[in-house]
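Working notes, structure below.
Bear in mind that the values in this text are calculations on the coordinates, not laboratory data. What you see is a predicted model, and the numbers here were worked out from it, not measured in a lab. No Cβ is skipped: glycine too gets one built from the backbone with ideal geometry, and neighbour counts run over all protein chains shown.
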Amino acid sequence: MRIDNAVGLTVADVLHEKFTALPASATIADVRDWFAASSSRRMAVLADDGRYVGSLTPAHVAGEDDPERVAAEVAQHSPTVAPEASATRGQELALSTDARRVPVVDHDGRVLGIVSVTGDLTSFCGTG
């Protein structure tokens with residue numbers, strides 16, 4: 001969906017539901033392998049029983065010397081956005097990160113998806 005068509009919509013309307021959250025117990029090596037499996041992956045979301053723990057980008061894991069270190073130990077607590085927030089707010093938060101992505105988290109801390117903006121900054125990813 002084009003960003004300029006999202007006026008009046010909520011994050012729930014533009015979130016990318018088809019994403020993979022890695023377990024909070026994943027190692028740095030696991031996260032590196034996950035990034036290597038797809039060139040479009042720009043943010044790894046870590047979750048414990050479906051609840052948001054933190055996020056990592058390829059740059060975060062590139063500097064880690066110990067591949068067996070638990071990724072949650074170095075995960076960033078990047079901004080999150082609620083599903084009822086405006087799509088514009090989701091866009092703003094996504095663009096405030098290097099990954100152009102922000103986890104969508106409900107009031108119980110459960111990860112529902114991500115808001116992701118395309119490289120050309122014109123559309124939300126995964127919105128059909």
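Quick rundown of the values:
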item: Least to most buried among I3, I114, I28 (fewest other Cβ within 10 Å first); result: I3, I28, I114
item: Length added when fully stretched, E73-D98, from 0.36 nm per residue minus Cα-Cα; result: 7.0 nm
item: Distant-in-sequence amide H partners of V115 (H built 1.01 Å from N, under 5 Å); result: H16, V102, V104
item: Relative exposure of S40, S96, judged by other C-beta atoms within 10 Å (fewest first); result: S40, S96
item: Computed [θ] at 222 nm, helices only, for the chain once each DSSP H run of length n ≥ 4 contributes -39500 (n - 2.57); result: -5000 deg cm²/dmol
item: Distant-in-sequence amide H partners of V53 (H built 1.01 Å from N, under 5 Å); result: L46, A47, D48
item: Other-chain or far-sequence residues with amide H under 5 Å of T10's (modelled H); result: A87
item: Centre separation in Å (Cα based) which lies between region 55-113 and region 16-36; result: 12 Å
item: Burial ordering of S38, S78, S116, fewest other beta-carbon atoms within 10 Å first; result: S38, S78, S116
